[in-house]
Amino acid sequence: MTEDARFEDGGERPLNLGALDAGDLEVISSLVQDAVLPVTEIRWQASKRRVGLLVNRIRWEDVDAARARGRPVERVQSLLVIDNVLGMASQGVDRSDRDMILQLMSVTFEPGEDAEGFVVLTLAGDGALRAKVEALEVALRDVTRPYLAPSGKLPDHGA
């Protein structure tokens, strides 16, 4: 009998996750919530049908352990990659403003016909990126060691 992975199983190891359905994507979305990135760290490789974002994400998988040990919140740089991209659209994102910092709130999938659909990255402040995809395939991979979040605390969403 196999056992499902648990959130705590991530421990101190870098994440390397993939999503091929909406349920998988919910996991990735929860891990990139409140990630920040400069607008200059978005790359669309049209010939490879791929969009990549280099995000600075909160290590949500470690937050409870950090609190229990009295450690500050950590972030890690991660690649968020969307494959099978047929086209891109954005709202509220000025790519010419090279100083613009984006905050990622969620990643969702809007299904279309057959396997097609849209991967929607909702940003704070009414911004969004929308990738039309032939099929859902999203990956999240940590690419640096964790570092202390500059604020040392979790974002406050007014809850």
Run the numbers on segment 22-159 and let me know its relative contact order in percent, using alpha-carbon pairs under 8 Å that are six or more apart.
-> 29
Test item: Cα-centred dipole of the chain, Lys/Arg +1 and Asp/Glu -1 on Cβ, debye | 780
Surface share of carbon and sulfur [accessible, 1.4 angstrom probe, percent] for the chain = 49
Check: segment 31-97 dipole with +1 on Lys, Arg Cβ and -1 on Asp, Glu Cβ, in debye | 200
For segment 51-159, with +1 on Lys and Arg beta carbons and -1 on Asp and Glu, the positive-most of 87, 138, 103 along the dipole = 103
Within the under-12-Å Cβ sphere about residue 92, not counting residue 92, Lys/Arg +1 and Asp/Glu -1 give a net charge of -1
Counting only heavy atoms of the protein chains, get the accessible area per residue of segment 59-140 (1.4 Å probe) and round it to a whole Å² value.
-> 52
Cα convex hull volume per residue for the chain, in Å³, equals 144
Taking just the C-alpha trace of segment 50-144, give me its Rg and Dmax in Å.
-> 15.4, 49
What's the extension gain from residue 128 to residue 154 if we count 0.36 nm per residue and subtract their Cα-Cα distance?
-> 7.1 nm
Return one number: the angle in degrees, 0 to 90 and rounded to the nearest 10, between the long axis of the Cα atoms of helix 22-32 and the longest principal axis of the Cα atoms of the chain.
-> 50
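The values are calculated or read from the model by the stated rules, or taken from the named source; none is laboratory data. Quick caveat, the model's predicted, so the values are computed rather than measured. Positions of Cβ are backbone-derived with ideal geometry, glycine not excepted, and every protein chain shown enters the neighbour counts. Surface accessibility is based on the protein's heavy atoms, side chains included, excluding ligands, DNA and RNA. Shrake-Rupley method; radii C 1.70, N 1.55, O 1.52, S 1.80 Å.
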